1. Between the helical axis of 100-111 and the dominant principal axis of the chain, each derived from Cα atoms, what acute angle in degrees is found, rounded to the nearest 10?
2. As a footprinting exposure proxy, order Glu119, Glu90 by other Cβ within 10 Å, with the fewest listed first.
3. Between Glu90 and Met105, with labels modelled 7 Å along Cα→Cβ, what's the label distance in nm to one decimal, could you check?
4. Quick one: helix 135-146 against the long Cα principal axis of the chain, what's the angle to the nearest 10°, folded into 0 to 90?
5. Trp123's amide H: which non-local residues (gap 5+, or another chain) put their own amide H closer than 5 Å, with H modeled 1.01 Å from N in plane and none for Pro or chain starts?
6. Count the lysine pairs in the chain that are 8 or more places apart or on different chains: how many have C-alpha atoms under 22 angstrom apart?
7. Can you give the calculated 222 nm mean residue ellipticity of the chain, where each DSSP H run of n ≥ 4 adds -39,500 (n - 2.57) and the sum is split over every residue, rounded to the nearest 500 deg cm²/dmol?
8. For q = 0.13 Å⁻¹, what log10 I(q)/I(0) does the stretch 14-146 give under the Debye formula with an equal point scatterer on each alpha carbon and no solvent?
Amino acid sequence: MGEAYQIQNQDAVYFLTFQVVGWADVFSREIYREIVLESFKYCIEEKGLIVHAFVVMTNHVHCVLRSSNSNLSDTVRDLKRFTSSQILKEIRNNPKESRRDWLMMVFKYHSKFNKRTTEYQFWTHENHAVELDANHMIDSRVNYIHNNPC
């Protein structure tokens, strides 16, 4: 993975995109969106995450984040790891999930191409992190997020 879109300055504000592998439309279901929202809430309360803006689309999340603890990379890693495990668990155990077999096949397929994953991969490993080092950049990305349909 190149360094161009990685979190370099742990104290800076970043625009990040978390995308589901295969662009699978997971967040069209409220139950999976709730897992992401609860994870944001936990990271705000317990890990010093500052969320300036976010939008949960059907297959990805855009957000503008910063860390008050100078550990944005660790917090993002933990957030993605937790949401991944919880969403996969919910998909497997939800008898009302009509797409369960298909979704699990997508996640299993994508895990084959990545040495860092085990049996299933939910998120891509890229966050497309863009440091927002000027107010006009922050305003631009926040407006972008607010104008996304959700």
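1. Orientation of helix 100-111: about 60 degrees from the principal axis.
2. Ranking Glu119, Glu90 by Cβ neighbours within 10 Å, fewest first, gives Glu119, Glu90.
3. Output for this residue pair reads 2.3 nm.
4. The two axes meet at around 30 degrees.
5. So Trp123 has HN proximity to Val21.
6. 11
7. -14000 deg cm²/dmol, from helical runs alone.
8. Rounded to two decimals, the profile gives -0.55.
Coordinate-derived values only; no laboratory data. Keep in mind that what you see is a predicted model, and the values were worked out from it rather than measured. Ideal geometry is used to build each Cβ from the backbone, glycine not excepted, and the neighbour counts take in all protein chains shown.
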